[in-house]
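To start, the structure itself, in structure tokens.
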Amino acid sequence: MSDLEALAQLNDPVRRSLYAFVSASGGEVGRGEAAAAAGVSRTLAAHHLDKLVEAGLLEAGFRAQERKGPGSGRPAKVYRRARAELSVSLPPRDYGSLASVLAEVVDLLGGEEQAEEAARAMGRRLAAGREADAVEVLRERGYEPYAEEGEVRQRNCPFHALAERQPLLVCSMNLALCQGLLEGLGQDPGRARLDPRPGECCVALSKTNEN
């Protein structure tokens, strides 16, 4: 299935609602939870969730029952957002390959500090003329911020594919971009720090000036 065909699956409002709920959960979601969130029956939710798995938008697995032994029942099927990235452009573009080449050039030339400063300057440009909170700007740029214990974390990394190839460079540039954004908004850039978690963005923001 092409990326365009996969994304077309979200044209259905129920399917789109289920995908949004699973994505926002940041983890595994059962059929019953998803059905309740979308306001549909469990059977209908299961049908649409499995279609989203077929399209590569979700991944499915099984959650073992707490009760063991006879009568414990079958493991519950659960869903989580797929790690794969989908994009559509007409005609097709391949900016990812060029970004990968440029990242390798930076590494070969030892230009990490210059790359971080360029990313910091980009963050300041993103903030230019804005009065919005940093969270709003990050959301517009493809991050998925959420609050947790006095911090703002990101469920995803907009540079995930490139970060898997050049993690040190991309994460340091990501941090610099977020610091530049905060600085451009007149906030303390020290709020942004590296705190990587599996499956999430490597940058976290404290809600106050205390890290």
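The values are calculated or read from the model by the stated rules, or taken from the named source; none is laboratory data. For clarity, every value in this text was computed on a predicted model and none was experimentally measured. Quick reminder, even Gly has a Cβ in these numbers, built from the backbone with ideal geometry, and neighbours come from all protein chains shown. Ligands, DNA and RNA are stripped out before the accessible areas are found, and what is left, the full protein with its side chains, is counted by its heavy atoms. Shrake-Rupley method; radii C 1.70, N 1.55, O 1.52, S 1.80 Å.
Being part of a loop (DSSP other than H, G, I, E, B) and within 30 Å of residue 22 (Cβ to Cβ) holds for only one residue in 91, 198, and it is 198.
Would you mind stating whether residue 148 is over 22 Å from the mean Cα position of the chain (by Cα) and at pLDDT below 95? No; evaluated as a whole, the condition is false for this residue. In the set (1) part of a loop (DSSP other than H, G, I, E, B); (2) closer than 19 Å to residue 205 by Cα; (3) open to solvent by 80 Å² or more (accessible area, probe 1.4 Å), the condition left unmet by residue 85 is number (2). Residues that are touching a residue at least 60 places away in the same chain (Cβ under 8 Å) and within 13 Å of the chain's Cα centre (by Cα) within segment 160-194 comprise 160, 161, listed in sequence order. Do we have residue 124 as over 21 Å from residue 95 (Cβ atoms), touching a residue at least 40 places away in the same chain (Cβ under 8 Å) and not in a helix (DSSP H, G or I) here? Criteria not met by residue 124. With respect to the conditions (1) buried (at least 20 other Cβ atoms within 10 Å of the Cβ); (2) under 29 Å from residue 25 (Cα atoms); (3) modelled with pLDDT of 90 or more, residue 135 lacks only one, and its number is (1). When segment 156-187 is limited to residues that are open to solvent by 60 Å² or more (accessible area, probe 1.4 Å) and in a loop (DSSP other than H, G, I, E, B), the one that is farthest from residue 127 (Cα to Cα) turns out to be 159.
Taken together, 124, 197, 141 contain a single residue that is more than 13 Å from the chain's Cα centre (by Cα) and either modelled with pLDDT under 90 or open to solvent by 40 Å² or more (accessible area, probe 1.4 Å) (or both), which is 124.
Kindly provide the set of residues from segment 155-182 that are among the polar types (S, T, N, Q) and in contact with a strand residue (DSSP E or B) (Cβ under 6 Å, 6 or more places away or on another chain), ordered by number. If you could, list the steps in order and put the result at the bottom.
Of all residues in segment 155-182, those among the polar types (S, T, N, Q) come to 156, 166, 172, 174, 179.
The answer is 174, 179.
Criterion first (out of contact with any Ser or Thr (no Cβ under 8 Å at 6 or more places or on another chain), farther than 17 Å from residue 188 by Cα, touching a residue at least 60 places away in the same chain (Cβ under 8 Å) and open to solvent by 30 Å² or more (accessible area, probe 1.4 Å)) does residue 101 satisfy it? No, not satisfied.
Can you tell me which residues in segment 33-52 are buried (at least 17 other Cβ atoms within 10 Å of the Cβ) and charged (D, E, K, R)? Across segment 33-52, the qualifying residue is only 33. Of everything in segment 7-32 that is surrounded by 15 or more Cβ atoms within 10 Å (Cβ to Cβ), in contact with a strand residue (DSSP E or B) (Cβ under 9 Å, 6 or more places away or on another chain) and assigned to a helix (DSSP H, G or I), the residue that is modelled with the lowest pLDDT is 25.
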